[in-house]
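I have placed the structure first, in the form of structure tokens, so that the comments after it can refer back to it.
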Amino acid sequence: MPSRKGPSLNCFALLSRDNRCVFETTQSYVDALWVATQLEKLSWQTWERGRTSVVVLDNAPVHTGVELQKRRAAWEARGLFVFFLPPYSPHLNIAETLWRKLKYEWLAPQDYGDPQNLFCQVRLALAAVGTSLFIRFAPFAVGST
């Protein structure tokens, strides 16, 4: 398939090991303010449900920006806690599995032919995670050697 320059689609997704997926897509530039806005929405949802949520992020610059640091105390007051993976540990990031499955299994080659079709198929696939699309994660073992 020939490559060509075209519009880009940026995705931000939070995935649990039981296949609950919260995502947002945009064709706009993604920076720390945009990511902080997504986490802000999640913090209010967490507060409204009266539950505690833990978000684990990698150390991408958009995840560690000043905007996120400024809002962490307010999020924690609402029950949303943000933790960071150790540097250079993509093997611990379950979202990497989501992106791999999306790109190499859930999208068909013809989906890439037209940008608008690709954007639609990406959103449909992400929305189907946990209902008709699943990732089987290995059991999480604490303290095993």
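The set of residues in segment 12-46 that are basic (Lys, Arg) and not in a helix (DSSP H, G or I) comprises Arg17, Arg20.
So which residues in segment 102-136 are small (Gly, Ala, Ser), touching a Lys or Arg at 6+ places or on another chain (Cβ under 9 Å) and within 21 Å of Thr26 (Cα to Cα), if there are any at all? Result: Ala125, single match. Can you pull out every residue in segment 69-93 that is surrounded by 12 or more Cβ atoms within 10 Å (Cβ to Cβ), at pLDDT below 95 and either part of a helix (DSSP H, G or I) or of a type in the set (Asp, Glu) (or both)? Gln69 - this is the single residue of segment 69-93 that is surrounded by 12 or more Cβ atoms within 10 Å (Cβ to Cβ), at pLDDT below 95 and either part of a helix (DSSP H, G or I) or of a type in the set (Asp, Glu) (or both).
In this structure, Phe84 does satisfy being touching a strand residue (DSSP E or B) at 6+ places or on another chain (Cβ under 6 Å) and under 30 Å from Gly65 (Cβ atoms). Of everything in segment 17-52 that is among the hydroxyl-bearing types (Ser, Thr, Tyr) and without any contact (Cβ under 8 Å) to a residue 40 or more places away in the chain, the residue that is surrounded by the most Cβ atoms within 10 Å (Cβ to Cβ) is Ser43.
The values are calculated or read from the model by the stated rules, or taken from the named source; none is laboratory data. Everything numeric in this text was worked out from a predicted model, so none of it was measured. Don't worry about glycine lacking a Cβ; one is built from the backbone with ideal geometry, like all the others, and counts go over all protein chains shown.
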